[in-house]
1. Can you tell me which residue within the stretch 101-116, out of those that are touching a Lys or Arg at 6+ places or on another chain (Cβ under 8 Å) and at pLDDT 85 or above, is nearest to ALA182 (Cα to Cα)?
2. Which of the following residues is within 18 Å of PRO418 (Cβ to Cβ), modelled with pLDDT under 80 and surrounded by 13 or more Cβ atoms within 10 Å (Cβ to Cβ): ALA350, ALA338?
3. If I ask for residues that are within 33 Å of the chain's Cα centre (by Cα) and β-branched (Val, Ile, Thr), which ones from the stretch 506-530 would you list?
4. Residue by residue through the stretch 127-149, note down the ones that are surrounded by fewer than 16 Cβ atoms within 10 Å (Cβ to Cβ), over 60 Å from the mean Cα position of the chain (by Cα) and at pLDDT 90 or above.
5. So the check is Cβ under 9 Å with 6+ separation or different chains; which pairs have a first residue in the stretch 37-49 that's farther than 21 Å from ASN244 by Cα and a second one that's at pLDDT below 90 and not in a strand (DSSP E or B)?
6. Name the residues in the stretch 384-410 that are over 18 Å from SER369 (Cβ atoms), out of contact with any Pro (no Cβ under 6 Å at 6 or more places or on another chain) and not small (Gly, Ala, Ser), would you?
7. Among the numbered criteria (1) under 23 Å from ALA520 (Cα atoms); (2) in a strand (DSSP E or B), which single criterion is violated by VAL448?
Amino acid sequence: MVRVAAALLLGVTLGAVGPAVAESRVEAVTLSSGGLAAYQQAAPLSGSGVVYLEVPLEQVDDILKSLVVRDPAGRLVGMRLDGLSAVAETFRRLPFGPGEMGSVSRLAATLQGVPVRVASAGRSVEGLLLGVDELPAGDGQETQRTLSVLDDEGVVMTLRLDTDARLEILDAGLRERLRQAAQVSGRGRTDEVRRIAIELAGEGERDVGLYYVVAAPVWKTAYRLLLEEDEAPARLQAWAVIENASGSDWEQVAVTLSSGAPVTLTQRLLERYWPQRTEVPVTADSIAPVRPDEGVMGRQRALAEREVAAPAALAADAAGGFSGPLRQATAAQGDTAATWTLPDPVDLEAGRTLSVPYVDAELPAERLSLFQPERGERHPVAAVRLENATDTWLPPGLVTVYAAEVGHVGDVSLPGIPAGESRLASFAADRQVRIDTESTPEEQLERVTLVDGTLRATRLSRVTTRYTLQSDARRPREVVIEHPARAGWRFEAESLVESTPTHRRLRVSLGAGESATLEAREELTRSQTVALAQADTELLLQWSDAADPQAAEAMATLIERRRGVAEVEAELNALARGLERAADHQARIRDNLAAVGLDSEPGQRYLADLEEQEARISRLEAQREEAEARLADRREALAAFIRGL
């Protein structure tokens, strides 16, 4: 097969002098029990140059999220690396793919219309490449390939391509793209590793520090306990089990083990996300021309964008501060969006990724311990109240939180913050503060009134919540409790400082080792109306104690009259049962009398019993008529009483 000739034909110039280059080395690692590793690397650098960091592909998202550069005598320009599909992105704009680069004939077949110079078997041709023709070979022979070109005079020439064929691309732009494609294709063969280039501008010789947080295996503890005889002290030994999953060797690395419980978040920052946009169909409707807007006299443009000065950059601090950017982005706040214009033009090859700082400002911040009862935890979370003191909106994103005294302490998913507003951001568990919650519900019937024959009851629901706080910390704590708000309920607490749409915030200051108790009271007044005529006796008895004098007297009279009606109804029910039993007994007597006849002695007894039952039924019917009359009278009296209310 015909192979491509030496790289010099592609116009590659070797040995050019460029900026200083430095490889980083791991100096320290902090392993967290939350499954994170905070790396500290260093690289010697002289003047302006590039520091290279080589990491496994699965760590790139975390590095893009958390990398901090500390240059004691320089400024950060940017960070570059290959994207997830650098090879595909590079070849997408080329007429050939990686498979055609290994053969002159296959590469030439994709370069129709490109000016080339081709040499083979001591003969050369030059012109616009027209194509490559393949002739089938006979048994045991190689396929013959013939290249065709169109020279400057319009003559088509052919050249048979042998194994010594040389192809030179005369288009400088395409030649450079081919060179880049060859480099990217070579890097793509090690797709599980990314080489990150961090460009810095500075002076003098110094060590540049790199700090980042990536996922890591959780370090584990195994104890050994030795019990001595009698009452001698026992000996406890703890062993740590750690793994190096960084992809590179550790040599003389300082290792720190942390038992903190930071909030750990991740995001696929290296992947591309294409939002779905609503497609608006093209319409063919037309309307009459609209009168041009000639502007408003005497009035300046009201909705013009406001150009704001970039906030002052943080000074680079060799003792632990962040290195600021080389130059600040220019921020502008419009009516519907904020924009940040990068200070310098960007050179970025297809398929690569750029990361640069665009906001660098000092913001007012207050550390708090935030307790949210609905989480079901006894411990609050460490939080920071961050105020946006810039002149533009801060967009949402993940925040890697560092503390000057300990380093990485957690992550925060920060919502967008308008200028001048503040947000609470929680990043780790505060296990040195305990908060116990106790809620006591109460239900009370306050009063009952009678209005136009309707009973109106007022009920008071009260929930008292007691928060008991205990601090074991060596430093004071500012504790904020987010008490869930109940819609429509009145809220009262001496420690209330502010409210959100969903919570009431209580605040207390705890000194080292101190305890405190906060109490919150919520009340809700509810009304219930019942027509007096429809209220049952049980409800009237329940409400009578809370009734006003007028309602109490009416309710007592109503209860008495209802009891009178109920007594007569019970009497009628008893009479109905007695009549039913007498009728059944009378029917049995008639059956027996028919069986024995009137002339017999048993027949005479049955006849006497039958007459006795007839008399009993007559008495019961008379009693029932009298009770029905009394019931009607009492019901009428009850109805008249209710109508009189």
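The values are calculated or read from the model by the stated rules, or taken from the named source; none is laboratory data. In this text the structure is predicted, and so the values were computed from the model without any measurement. Please note: Cβ atoms are built from the backbone with ideal geometry, for glycine as well, and neighbour counts cover all protein chains shown.
1. VAL104
2. Working: ALA350 fails: within 18 Å of PRO418 (Cβ to Cβ).
Exactly one residue qualifies, and that residue is ALA338.
3. Selection gives VAL508, THR517.
4. THR146
5. GLY47/PRO19; SER48/PRO19; GLY49/GLY18; GLY49/PRO19
6. ASN388, ASP391, THR392, LEU394, PRO395, LEU398, VAL399, THR400, TYR402, HIS408
7. So the condition that VAL448 fails would be (1).
Yes/no matrix, rows are residues, columns are (1) in contact with a strand residue (DSSP E or B) (Cβ under 8 Å, 6 or more places away or on another chain); (2) not acidic (Asp, Glu):
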site: THR390; (1), (2): yes, yes
site: THR440; (1), (2): yes, yes
site: GLU443; (1), (2): yes, no
site: ARG447; (1), (2): yes, yes
site: ARG475; (1), (2): no, yes
